[in-house]
1. Of the residues in segment 3-24, how many are touching a residue at least 60 places away in the same chain (Cβ under 8 Å) and either touching a Ser or Thr at 6+ places or on another chain (Cβ under 7 Å) or not acidic (Asp, Glu) (or both)?
2. Taking segment 21-46 as the region of interest, how many residues are over 27 Å from LYS2 (Cβ atoms) and open to solvent by less than 50 Å² (accessible area, probe 1.4 Å)?
3. Please work out which residue is farthest from LYS2 (Cα to Cα), limiting yourself to segment 47-64 and to residues that are basic (Lys, Arg) and over 10 Å from the mean Cα position of the chain (by Cα).
4. Given the criterion in a helix (DSSP H, G or I) and either of a type outside the set (D, E, K, R) or in contact with an Asp or Glu (Cβ under 9 Å, 6 or more places away or on another chain) (or both), identify the matching residue among ILE55, ILE63.
Amino acid sequence: MKDGELEVLLLNAQNEEEQAIERLLEKYRGMIHAYSFVNGEIQEELKQGLIEETIKAIKRFKIERGDLG
């Protein structure tokens, strides 16, 4: 991501812009997927819960202009 792009993306996601939320979820898809495994099998309920918690965390995340870029 270019300088400042993550900051703008976060701010847009916090303003309920669906495309921004989807881009952030895509950025962290690998991590969400990796943490969705239990005993070597993917747990869809766990994965969905992680996605929901990630969206909540995005909305709670506090940034000030210039912090991320």
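The values are calculated or read from the model by the stated rules, or taken from the named source; none is laboratory data. Owing to the predicted nature of the structure, the values given are computational and were not obtained by experimental measurement. Cβ placement follows ideal geometry from the backbone for every residue including glycine, while neighbour counts extend to all protein chains displayed. Calculation scope for accessible area: heavy atoms of the full protein, side chains included, ligands and nucleic acids excluded. Shrake-Rupley method; radii C 1.70, N 1.55, O 1.52, S 1.80 Å.
1. Counting residues in segment 3-24 that are touching a residue at least 60 places away in the same chain (Cβ under 8 Å) and either touching a Ser or Thr at 6+ places or on another chain (Cβ under 7 Å) or not acidic (Asp, Glu) (or both) gives 2.
2. The qualifying residues number 1.
3. LYS47
4. Numbers: ILE63 fails: in a helix (DSSP H, G or I).
Exactly one of ILE55, ILE63 is in a helix (DSSP H, G or I) and either of a type outside the set (D, E, K, R) or in contact with an Asp or Glu (Cβ under 9 Å, 6 or more places away or on another chain) (or both), namely ILE55.
To keep it simple, each residue is scored yes or no on (1) in contact with a Pro (Cβ under 6 Å, 6 or more places away or on another chain); (2) without any contact (Cβ under 8 Å) to a residue 40 or more places away in the chain; (3) acidic (Asp, Glu).
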site: GLU26; (1), (2), (3): no, yes, yes
site: MET31; (1), (2), (3): no, yes, no
site: LEU46; (1), (2), (3): no, yes, no
site: GLU52; (1), (2), (3): no, yes, yes
site: PHE61; (1), (2), (3): no, no, no
